[in-house]
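Each remark here refers to the structure printed beneath this line.
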Amino acid sequence: MYELQFALPMTGAILNNINTRLDARTIYVLLRHYESKLLFVDVFFSDLAVEAIGKLDKQPILVLIADDEEEGGDDVADRSKFCYTYGDLVERGDPDFNWIRPETEWDPIVVNYTSGTTSSPKGVVHCHRGIFVMSIDSLIDWTVPKNPVYLWTLPIFHANGWCLPWSLAAVGGTNVCLRKLQTPLIYRLIRDHGVTHMCGAPVVLNMLTANRHEPLKTPVNFYMSRNPTGTEKALKNGWLLTGDIGVVYGDGYVEIKDRSKDVIISGGENVSSVEVEAVLYTNPVVNEAAVVARYDEYWGEKPCAFVSLKTGLNRKITEKEIIEYCREKMPHYMVPKTVLFLDELPKTSTGKIPKFQLKEIVKKLGSTRLRRM
């Protein structure tokens, strides 16, 4: 898959890295919208791919990526659905092929689809210039040295792996790949290969810190369009309206405070759910946290916190304790009035917490009591 991030654009094709955690129906919808003509399929997702293309009027050419080193890596129920294997294509390739350059730097290189955290997935087109700038900016912002050893705990289907396929190539990086996020495996690969850098969603870092093994000898750097209606809503006067709320400082820096639909209005005060969550994460007993609005008869809305606790605690953590912790660290109007404990917070296929699901839970709870806080 890493090689294809270079090979396909060099043929003039446009990439679309599909989330392997999606179901067949959703993948079918994406392929139909994208009008994919060529689909490279990892052997362990062959059944999923075959099911997804089953209802397409124009089915893409299927190319199987086998893996002889993994148990079951060459076991495919129906090879007749696949026109080629990846190895066959490489062997048939022309070493003198003059790769196709984009006509302009604004030509598309990849189409990504949002994970649908707040609505249905949307296709986002990225150009060569945008990907180039992001790739270089990642190296500068993270201060990546030459020849890093990078462990792929971040899937490439998630925002192109934050453009790190191209960033790493620019600095001569070594790529260490893995199929599943398993804590013992990650720690072993870090030790065996001398991993210096890795990325991932907060859930990955939580998983690693909550299940620590023996200390590591060296530190590891962790870096935390054909929809006219949707496009019309998102684009206004040449601006892309993301729905995020931010602050522009005097030096030009922008700080994202929250998503507009997640801002909690309590007694006329705007409460950033992100800021409340940031405080909750400083509590040593909190593993995960998410904050949404709950209707309140007196204040209009009050923050409601969903919390999962770290494992291995030797005492029971109460709602009152979490609320008091917040009262000591933030203005009282920002303090959650309700704290709900879950074993684990729900996640989307890309590891994000879908707040619309939490809002549905809160809606069923009704309003909080008519009292000040």
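The values are calculated or read from the model by the stated rules, or taken from the named source; none is laboratory data. This is a predicted model, so every value here is computed, not measured. FYI the Cβ positions are ideal-geometry reconstructions off the backbone, even for glycines, and counts take in every protein chain you see.
Observations
- Residue check, Leu164 within 26 Å of Ile14 (Cβ to Cβ), among the aliphatic types (A, V, I, L, M) and touching a helix residue (DSSP H, G or I) at 6+ places or on another chain (Cβ under 7 Å): yes
- Among the residues of the stretch 141-175, those identified as within 30 Å of Ser260 (Cβ to Cβ), surrounded by fewer than 19 Cβ atoms within 10 Å (Cβ to Cβ) and either aromatic (Phe, Trp, Tyr) or modelled with pLDDT of 95 or more (or both) are Trp142, Trp162.
- Meets criteria (modelled with pLDDT of 90 or more and either more than 21 Å from the chain's Cα centre (by Cα) or among the aromatic types (Phe, Trp, Tyr) (or both)) for Ile109: no
Residue-wise test of (1) within 23 Å of Leu342 (Cα to Cα); (2) at pLDDT below 95; (3) loosely packed, with under 11 Cβ neighbours inside 10 Å.
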{"position": "Pro215", "(1), (2), (3)": "no, yes, yes"}
{"position": "Glu232", "(1), (2), (3)": "no, yes, yes"}
{"position": "Gly238", "(1), (2), (3)": "no, yes, yes"}
{"position": "Leu241", "(1), (2), (3)": "no, yes, no"}
{"position": "Gly252", "(1), (2), (3)": "no, yes, yes"}
{"position": "Ile265", "(1), (2), (3)": "no, yes, no"}
{"position": "Ala290", "(1), (2), (3)": "yes, no, no"}
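Here's the yes/no breakdown for (1) more than 29 Å from Thr311 (Cβ to Cβ); (2) of a type in the set (A, V, I, L, M, F, W, C); (3) outside any strand (DSSP E or B); (4) assigned by TED's automatic domain parsing to the domain that holds Leu342:
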position	(1), (2), (3), (4)
Asp251	yes, no, yes, no
Glu255	yes, no, no, no
Val274	no, yes, yes, yes
Ala278	no, yes, yes, yes
Asn283	no, no, yes, yes
Asn287	no, no, no, yes
Val291	no, yes, no, yes
Tyr298	yes, no, yes, yes
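- A residue that is surrounded by 14 or more Cβ atoms within 10 Å (Cβ to Cβ), among the small types (Gly, Ala, Ser) and closer than 18 Å to Leu345 by Cβ occurs somewhere in the stretch 268-278.
- Beta carbons closer than 9 Å, at least 6 apart along the sequence or on distinct chains, never pair a first residue in the stretch 133-146 that is more than 16 Å from Gly172 (Cβ to Cβ) with a second that is β-branched (Val, Ile, Thr).
- Checked against (1) touching a Phe, Trp or Tyr at 6+ places or on another chain (Cβ under 7 Å); (2) surrounded by fewer than 20 Cβ atoms within 10 Å (Cβ to Cβ), Pro284 passes all but a single condition, namely (1).
- Output for the stretch 306-323, where each listed residue is under 13 Å from Val285 (Cβ atoms) and either assigned to a helix (DSSP H, G or I) or in contact with a Ser or Thr (Cβ under 8 Å, 6 or more places away or on another chain) (or both): Glu319, Glu321, Ile322
- In summary, Gly72 fulfils each of the numbered conditions (1) more than 26 Å from the chain's Cα centre (by Cα); (2) over 17 Å from Lys180 (Cβ atoms); (3) at pLDDT below 90 with the single exception of condition (2).
- In the stretch 343-350 there is at least one residue that is at pLDDT 90 or above and buried (at least 17 other Cβ atoms within 10 Å of the Cβ).
- Helices (runs of 4 or more DSSP H) wholly inside the stretch 1-79 containing at least 1 residues that are surrounded by fewer than 13 Cβ atoms within 10 Å (Cβ to Cβ): 4-10, 24-34
- Among the residues of the stretch 149-203, those that are of a type in the set (Phe, Trp, Tyr), over 14 Å from the mean Cα position of the chain (by Cα) and in a helix (DSSP H, G or I) comprise Trp166, Tyr187.
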